[in-house]
Amino acid sequence: MATVTFRDETATGKPLTEWEVAGLPDRMTVRELIRLRVQEEVARHNACPDDRFNGLVRPAHAEVELNGYRLHEPRRIDGERHAEIAERAFAANGFFVLTGDRQVEDLDEVVDLTVDPDLVFIKLVALVGG
């Protein structure tokens, strides 16, 4: 089983956030990894809803803050909807995913997590969800 590190960086390479998820298969598609990342973020938020959300996709009606989003009131977020928005945003170059020393470009590309367990996400535009 593999452990993957998800890291957000600015376009200039400045690290923003980082966390790990263990117990994953050795090989996963980029689509599966993006969905996993978003579902994990939403699950963490929904376990203890707050008026702040840190994640790849900005919830609808949330204000952008430094390293996150401010909700008008604490509420649960729809992880499935956010995962779908993230997939579409990746396909439209809303963010890049780097693994090892290369950029992955296809949702169906398989990543060997035993070789490249670090995934870097670089957002280019705010991704708005629900």
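Multiplying the residue separation of residue 16 and residue 115 by 0.36 nm and subtracting their alpha-carbon distance yields 33.3 nm. Treating r as the C-beta distance of residue 5 and residue 64 and R0 as 25 Å, the FRET efficiency rounds to 0.50. Here are some values of Cα Rg over 2.2 N^0.38 Å: [x] 1.00; [y] 1.09; [z] 1.71. Which one was computed from this structure? Answer label, from the structure shown: [x]. Evaluating 6.51 cos²θ - 1.76 cosθ + 1.60 at θ = phi - 60° for every residue in region 17-22, the Karplus couplings come out as 9, 7, 7, 10, 10, 9 Hz, glycine and proline recorded as x.
Residue by residue, region 87-93 carries 3J(HN,Hα) couplings of 4, 5, 5, 4, 5, 9, 6 Hz when phi is fed to the Karplus relation 6.51 cos²θ - 1.76 cosθ + 1.60 (θ = phi - 60°); x denotes Gly or Pro.
Helix-derived [θ] at 222 nm for the chain: sum -39500 (n - 2.57) over DSSP H runs of at least 4, divide by residue count, nearest 500?
Taken over the chain, the calculation gives -8000 deg cm²/dmol.
Amide H to amide H, with H built 1.01 Å from N, residue 50 comes under 5 Å of 75, counting only residues 5 or more places away or on other chains.
When the charge dipole of the chain is built from unit charges on Cβ atoms (+1 for Lys and Arg, -1 for Asp and Glu) and taken about the Cα centre, the candidate among 46, 86, 11 whose Cα reaches farthest toward its positive end is 46. The H on the amide N of residue 29, modeled in the peptide plane, is under 5 Å from the matching H of 111, each at least 5 residues off or on a different chain.
Coordinate-derived values only; no laboratory data. For clarity, every value in this text was computed on a predicted model and none was experimentally measured. Reconstructed Cβ throughout: ideal geometry from the backbone, glycine too, with neighbour counts over all protein chains shown.
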